[in-house]
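Heads up: the structure comes next, in structure tokens.
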Amino acid sequence: MEVETLRGSIPSFIRITHGRVADIGTLDDLVYEPGAFHVLDRAYLNFQRLRRLHPSGAFFVTRSLKTTRFRILESRPVPAVPGLLKDQLIHFYGVTSRHDFPAPARRISYRESLDVQPLAFLSNHLALPALTIAQL
């Protein structure tokens with residue numbers, strides 16, 4: 001009998017904890033699958049933990065903090081898509097981030113509408129279209 005692996009919107013990992021447990025520790029318990037995308041709240045922006053995800057072939061998309069320091073390596077052309085503002089290849093250069101995540105990353109700026117502030121997304125996927133990263 002052949003067993004199929006379920007894919008799609010079915011979680012592959014669930015952790016139920018007491019309310020006083022910090023959620024960020026959950027990243028330490030995940031098994032990263034090559035090609036999987038981990039869409040994270042910006043509270044999970046911990047470069048040391050994201051560094052462990054990167055060599056597995058898994059990808060992350062998270063919001064940037066205003067205090068995230070980076071150097072722009074390349075500004076990529078942005079297609080004429082409403083809301084898409086920037087697509088940048090960056091290196092982090094904060095006190096710990098430059099050591100904790102030394103690989104290049106993407107920074108995508110996107111604005112849902114003119115009456116809201118633009119959002120900045122970070123990802124280690126360097127080839128996915130910028131709009132797809134913003135939509136994730």
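None of the figures in this text is laboratory data; all of them are computed from the coordinates on show. Quick caveat, the model's predicted, so the values are computed rather than measured. Note that we place each Cβ from the backbone using ideal geometry, even for glycine, and neighbour counts take in every protein chain shown.
Annotations for the structure displayed:
- Footprinting exposure proxy ranking of Val21, Val95, Val78, fewest other C-beta atoms within 10 angstrom first, gives Val95, Val21, Val78.
- Applying 0.36 nm per residue to the separation of Ala127 and Asp28 and subtracting their alpha-carbon distance, the gain on full extension is 33.0 nm.
- Mean separation of Cα pairs under 8 Å and 6 or more residues apart, divided by the residue count, gives the chain a relative contact order of 19 percent.
- Taking the fewest neighbouring Cβ atoms within 10 Å as the starting point, the ordered list for Leu136, Leu122 is Leu136, Leu122.
- Applying 1/(1 + (r/R0)^6) with r as the Cβ-Cβ distance of Phe13 and Arg69 and R0 = 41 angstrom yields a FRET efficiency of 0.85.
- Net dipole in debye of the chain [+1 Lys, Arg Cβ; -1 Asp, Glu Cβ; about Cα centre; nearest 20]: 640 debye
- Among 81-92, 25-36, the order from most to least packed when residues are scored by Cβ within 10 Å on average: 81-92, 25-36
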